[in-house]
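The values are calculated or read from the model by the stated rules, or taken from the named source; none is laboratory data. Because the structure is a prediction, the values reported are computed rather than measured. Neighbour counts run over all protein chains shown; Cβ positions are idealised from the backbone, glycine included.
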Amino acid sequence: MTTVFAPLEAAYDPEAFRTTAHTLMDQLADYLKAALKGGAMPVLPWAPPSVNQERFATPFPEEPPAELAPAFANLMARVLEGSHHLHHPRYVGHQVTAPLPLAALCDAVSSLLNNGMAVYEMGPVATAMEHHVLAWMASKLGLPEGARGVLTSGGSAGNLTALLAARQAKAGFDAWNGGAHAGPPLTVLVPRSAHYCLARAVRIMGWGEGGLTPVDVDASFRVRPDALEGALQEALKQGRKPIAVVASAGSTATGAFDPLEPVADFAEEHGLWFHVDGAHGAAASLSPKYRAQVKGIERADSVVWDAHKGLLMPALVTAVLFRDGARSFDAFSQEAHYLFHGDDPRPYSDVGLRTLECTKEMMPLKVYACLSVLGTRVFEEAVTASYDQARRFAAMLAATPDFQVALPPDCNIVCFRHTPAHVPKEGWDALQARLREALVTGGNFYLVQTRLPDGVYLRTTLIHPLTGDGDLEALLEALRRAAGP
Ligand SMILES: *Cc1c(COP(=O)(O)O)cnc(C)c1O
C-alpha cells in the first residue's frame, strides 16, 4: 500500500479548492470594484525594491499551516495591496492593459487544465481555439484566406519568429542548418523609431549590429519612404544582403504609424519580405473609425499583434500571422524551405512545430472566450474610445499655455511636456523627470517618460477603457502642483 504525504493529498482536495476559490473570487471582485473607482487608492503603492523584498522575505515553511484557506487569503490580500493597480483609471503608463476580468478567469482554467499545446493531443480544445482566434485576427487585417500563424509569448518573441521565417524565405541559403555565416551577411531595414526587440532579434540570429539597417523617420516619427532606397544602398555598400523591410504600426515611444503602403511598394519592387510590427497598433484594424491607420497591412508577409495591448487581454498573448500560412513552418524549420516549396504535409495542429515555445499555456482560451461571450463590438469600441480619448487629451493640452504635445496622436499614446513660465527652457528635461517621479511615488497617477530628439517628454498610454477626461484634467492639475513654483 502506498502512503501519500497527507499535506500533498490535501493540496489536491477539491472541497478545499472550492472554499479557497470562493473566498478568492470575493477578494478579487472587491479589489476590482475599489481599483475601478480609483479614489484614494494609489495607482502604484510605490516602495523601493529593497522594501518589497523585505516584505516577502519570510522563509518558506516546511509544513503547511493547519488552515490553508486563511493563509492563502492573507497572502493574496498582501499581493493585491502591494501591486500596481492597472484597473485604476489613473493608470496611464506603459502599454499594458486593464485586462477584462473574464480573461482572468480563463487563466485560472488554463492553469488548472495545463493543456500544454506543443502537440495537438496535449491541447485539443486550445488548438482549435487558436485556429479560430488567428483566423479572426487575419480577417480583420484583411490578409488572404491562406494566412495562418501562431500565438506566442509577446511581441519580442513574435518579431523574432517572423524574422526567422523571413530569413528562411529570402536568404537564399539555409541559415537554419548552416548558420548565419553559411552565406552572405544579411540585414533588415528597420525604421529608427522601431521597438528595440528588432535590434535584439537580428543579434539573436547572429547578424550582429549590421544586421539592422536603420531607416530615417520624419518629424512625426514615421518612416520616410524616400529614405528606404538610400538605406538599401548603404546596406549593399556594407556588403550586406537586405532580406526584409519592417514597418511599425505604431511605434512604441510615440505611437506613430509608419505609412504602410509605400513600404509595401518598396518591398515588392525589391523582392523583400514585408513585416509589420503591429504589436501595439494592429488593433486599429478593428475600429471602423481608425482602420485607415493600418492601410496596407493586408499586404504584409507577416504581422505581429499583441492581444495584451490592443485586445484587453492580460499578458502575454501575441499573434504572429503569415500571409502565406506555410511560411509559418519556416521560422523553426528543420528543412531548407527556400529550396522546397509546395504542399507541406506537416500538421498545423501541432503548433509547437511553429513556435519558440515547446510547452505553451492555453493562450487562445482567454481571447476566444472573451470574443465568443462578450462579442466583437466590445473590442472595436475599446479601440475607438481609447484613440478618441487620446485626441481629446491632445486637444486639452494644446489649449493650455503651459503644456506642449510632442505630436498629434495616431493612436492612444500621447507624449507631452509641462513648460511652466517659471522654468527656463534648459530646465525642462529635468522638470519632466522630477514631475514623473513625484507623481509616480505619490501614487495618484502612473505615467512614464521618453526622450525625443528635442528633449524629455512625459508619455501616457490611454489604454484603460474607463479613463476619462476628468482623470486627465486631474493629471494636468497634479503636474502643475508638483511643478510649483
Ligand atoms: C510592446 C511592443 C513590442 C514588444 O512586445 P512585448 O509583448 O512587450 O514583448 C514590440 N513592438 C512594438 C511596436 C511594441 O509596442
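Here are a few things to note about the model shown:
- Positions within the range 234-261 being under 25 Å from Ala319 (Cβ atoms), modelled with pLDDT of 95 or more and of a type outside the set (Gly, Ala, Ser), in sequence order: Ile243, Val245, Val246, Thr254, Phe257, Asp258, Pro259, Leu260, Glu261
- For the range 465-485, a residue qualifies if it is out of contact with any helix residue (DSSP H, G or I) (no Cβ under 8 Å at 6 or more places or on another chain) and not hydrophobic (A, V, I, L, M, F, W, C), and the qualifying residues are Gly470, Asp471, Glu477, Arg480, Arg481, Gly484, Pro485.
- Members of the range 236-268 that are within 15 Å of the ligand (Cβ to nearest atom), among the hydrophobic types (A, V, I, L, M, F, W, C) and in contact with a Lys or Arg (Cβ under 6 Å, 6 or more places away or on another chain): Ala256
- Exclusive hit being in contact with a helix residue (DSSP H, G or I) (Cβ under 9 Å, 6 or more places away or on another chain), within 24 Å of Leu353 (Cα to Cα) and part of a helix (DSSP H, G or I), set Ala165, Ala69, Ala118: Ala165
- Within the range 298-325, being within 9 Å of the chain's Cα centre (by Cα) and without any contact (Cβ under 8 Å) to a residue 60 or more places away in the chain holds for no residue.
- On the stretch given as the range 141-161, residues that are more than 11 Å from the ligand (Cβ to nearest atom) and in contact (Cβ under 8 Å) with a residue 24 or more places away in the chain total 11.
- Filtered by the rule that a residue be at pLDDT below 95 and either of a type in the set (A, V, I, L, M, F, W, C) or touching a Gly at 6+ places or on another chain (Cβ under 8 Å) (or both), the range 464-485 gives a lone residue, Leu466.
- The range 220-278, subset of a type in the set (D, E, K, R) and closer than 21 Å to Glu298 by Cβ, residue nearest to the chain's Cα centre (by Cα): Asp277
- The set of residues in the range 198-230 being buried (at least 21 other Cβ atoms within 10 Å of the Cβ) and assigned to a helix (DSSP H, G or I) consists of Leu198, Ala201, Val202, Gly211, Leu228.
- Close Cβ contacts (under 6 Å, 6 or more residues apart or on different chains) running from residues in the range 462-477 that are surrounded by 22 or more Cβ atoms within 10 Å (Cβ to Cβ) to residues that are hydroxyl-bearing (Ser, Thr, Tyr) and in a helix (DSSP H, G or I) comprise Leu462/Ser386.
- Pick from the range 175-212, criterion modelled with pLDDT under 95 and touching a Gly at 6+ places or on another chain (Cβ under 8 Å), ranking: farthest from the ligand (Cβ to nearest atom): His181
- For the range 269-297, taking the residues that are without any contact (Cβ under 8 Å) to a residue 40 or more places away in the chain and farther than 21 Å from Ser193 by Cα, the one that is farthest from the ligand (Cβ to nearest atom) is identified as Glu269.
- Boolean, Val79 is of a type in the set (Val, Ile, Thr), at pLDDT 95 or above, assigned to a loop (DSSP other than H, G, I, E, B) and in the same structural domain as Val383 (by TED's automatic domain parsing): no
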